[in-house]
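Remarks on the structure that follows.
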Amino acid sequence: MTATTRSNEPGKRSSSGRMIARVVWMSIKLLIIPVLCVAALIVGLAIGYVVLGDKPLSDVFDFNTWKHMYDLVFAEGG
């Protein structure tokens, strides 16, 4: 019996390597839009709150700031 030899050419990849590369590429393509949307939301909140509202940037990431805004918007009009 003779052992089969594998081709160690640098240009050829195994089928499992191609499958892993396709899965990684598809994951990147699926995640890029949500990641960009979240980044745009954070940048938009920061610009709007700091530039338009003349408030410090640290208040953008404070939970109590957004709770207060929620309470103002959805308050009962008495």
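The values are calculated or read from the model by the stated rules, or taken from the named source; none is laboratory data. Since this is a predicted model, take the numbers as computed values, not measurements.
Overview of values
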read-out: Number of the condition not met by THR5 [criteria: (1) in a loop (DSSP other than H, G, I, E, B); (2) β-branched (Val, Ile, Thr); (3) at pLDDT 90 or above]; value: (3)
read-out: Residue match in region 20-34 (condition: part of a helix (DSSP H, G or I), at pLDDT 90 or above and over 24 Å from the mean Cα position of the chain (by Cα)); value: no
